[in-house]
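Visitor: Can you keep this structure in mind? I'll have questions shortly.
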Amino acid sequence: MSIIKEYKPKALSNKKLTVECFNTASEVVEVAKTRKITNSSFNDMQRPGEVSEGWHSVKSYNEALHLMETGYQAAVDEMKAQIKANFAGQGKRISFKNDIVGYAPIVPLAIQGVPNSMQNSYMKPIKAKVIDVYYDMTAASSYKPKDFMKAGSEMLSAIIELEAQGYKFNLYAVQSYNDSRDADVLVVKVKSSNTPLDLKRISFPLTHPAFFRVIGFDWYSKMPKARYRSCYGHALGYDYDNEKLTNAFEEMFGKKCVFFAANKIIGKGKDYMKGVLTNGK
C-alpha cells in the first residue's frame, strides 16, 4: 500500500513536494492498474506504439514489465566487471593464530607443554553503519540509455563494495517531476538493510531508462495529486545540489540519509560515491 504526503522542506526554501512512497517496484505497477490518466496532455505509456526502443530502451510497456521481473542483465555484467570486492562480504576478515584456547590443538606444541597450543580463529571487526540512500534517476531527454546505466552502475558498485566492508544500506529509487512551482516525487524502496543485496532484482529500477521513461511516466500520469508538466525530465537535481536534497529528505523522512541525483554523479566514479557515503557516517 502506498502513502501520499505533502512536504515543504526548509532546505528547499519551503517548496512543496508531493511524495508517494512504495515498498516495492511491483507495487507501483499494481497501483497504476487501478488508476486513470489525470490529464489528457499526458502520454499513455501502455498505448501501442508509444514506446520506442531507441529512447526508452525497450520496445513496449510489457517488455519493461518483463525486465522489472527478471532483471537487467547488461547492468549486472557491467557492475560485476567493476567490482573487485568479495561478493560474500567476508574478504580477509578471518585470521588464525596460536592461543591458550581454541577449536583445535596444535599437537607438537601441546606435547611440549607450550601454553599457546590451541589454534583459534578471529574475525576482524567491521563497521555496522546503516545508511539510507535515495537515488534519483530522473534525467533530461538528452540522457542516453548508456548514461542511465553508467550512473546507476557506479552508484551500485560503490554500495556493494561498502557492504563487503560491513556497511548496511536501505536503498530507495527516486523520480522527481519538478518545476519552479513544486514537484511530484516517486520513492520506491528496493533494498532493506537486513536483506542481502539482490543485484539482478534491483538492476532495473536503478539503471534502466525504462523504469523512469516507461514505468515512471505511467505512474506520473495517473498519480491523483500530480500536476502535468511539459518537461518530465526536469529533476530536483537540476535545481538543487545533492547536499540540499539530502537535507530535504532528512527533513521529510526523519532519518540520516544520502541523496544522489543521476545528473550530478555521472562520470564521477564509484570511489567518489564511496567517499560521500562514508563521510561522517
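Since every read-out is calculated from the coordinates, none of them should be taken as a lab result. Since we're looking at a predicted model, the values are computed, not measured. Because the Cβ atoms are built from the backbone with ideal geometry, glycine has one as well, and the counts that use them run over all protein chains shown.
Visitor: With +1 on each Lys and Arg Cβ and -1 on each Asp and Glu Cβ, and nothing else charged, work out how big the dipole of the chain is about its Cα centre, in Debye to the nearest 20.
Guide: About 500 debye.
Visitor: Another question, if that's okay. What FRET efficiency, computed as 1/(1 + (r/R0)^6) with R0 = 25 Å and r the Cβ-Cβ distance, is obtained for SER40 and ILE4, rounded to the nearest 0.05?
Guide: Numbers: r = 22 Å, r/R0 = 0.89.
Calculated value: 0.65.
Visitor: Between GLU53 and LYS200, what's the calculated FRET efficiency when r is the beta-carbon distance and R0 is 35 Å? Round to 0.05.
Guide: On the way: r = 22 Å, r/R0 = 0.62.
FRET efficiency, GLU53 to LYS200: 0.95.
Visitor: Name the residue from HIS234, SER26, ASN14 whose Cα lies farthest towards the positive end of the charge dipole of the chain, charges +1 on Cβ of Lys and Arg and -1 on Cβ of Asp and Glu.
Guide: The Cα lying farthest towards the positive end belongs to ASN14.
Visitor: Springs between alpha-carbon atoms under 10 Å, Gaussian network over the chain: tell me which of PRO209, PRO48, PRO145 tops the mean-square fluctuations.
Guide: Highest fluctuation among the options: PRO48.
Visitor: Can you give the calculated 222 nm mean residue ellipticity of the chain, where each DSSP H run of n ≥ 4 adds -39,500 (n - 2.57) and the sum is split over every residue, rounded to the nearest 500 deg cm²/dmol?
Guide: Only helices count here, giving -9500 deg cm²/dmol.
Visitor: Ranking GLU243, GLU154 by Cβ neighbours within 10 Å, fewest first, what do you get?
Guide: Ordered by Cβ neighbours within 10 Å, fewest first: GLU243, GLU154.
Visitor: Within a 10 angstrom radius of the beta carbon, how do HIS208, HIS56 rank from fewest other beta carbons to most?
Guide: Sorted ascending by nearby Cβ count, the order is HIS56, HIS208.
Visitor: Considering the chain as a Gaussian network with a 10 Å cut-off on Cα pairs, which listed residue, ARG229, ARG201, ARG213, attains the greatest mean-square fluctuation?
Guide: With Cα springs under 10 Å in the chain, the top fluctuation among ARG229, ARG201, ARG213 is at ARG229.
Visitor: Can you sort GLU250, GLU78 so the residue with the fewest Cβ neighbours within 10 Å comes first?
Guide: Ordered from fewest to most neighbouring Cβ atoms within 10 Å, GLU250, GLU78 come out as GLU250, GLU78.
Visitor: Right, another one. Using amide H atoms built in the peptide plane, which far-off residues or other-chain residues are under 5 Å from HIS234 H to H?
Guide: ASN178
Visitor: What number comes out for the charge environment of LYS146, summing +1 per Lys or Arg and -1 per Asp or Glu over other residues with Cβ under 13 Å away?
Guide: Details: positive: LYS144, LYS150; negative: GLU78, ASP147, GLU154.
Counting the neighbours of LYS146, the net charge comes to -1.
Visitor: For a test of the definition: using alpha carbon positions, the gyration tensor, and the 1.5 limit on a/c, classify segment 21-63 as rounded, prolate or oblate. Present the calculation step by step, with values, prior to reporting the outcome.
Guide: Details: a/c = 2.32, a/b = 1.28, b/c = 1.81.
Oblate shape, in that a/c is at least 1.5 and b/c is the bigger or equal ratio.
Visitor: Compare the Cα positions of TYR272, PHE204, SER157 along the charge dipole of the chain (+1 at Cβ of Lys, Arg; -1 at Cβ of Asp, Glu; about the Cα centre) and return the one farthest towards the positive end.
Guide: TYR272
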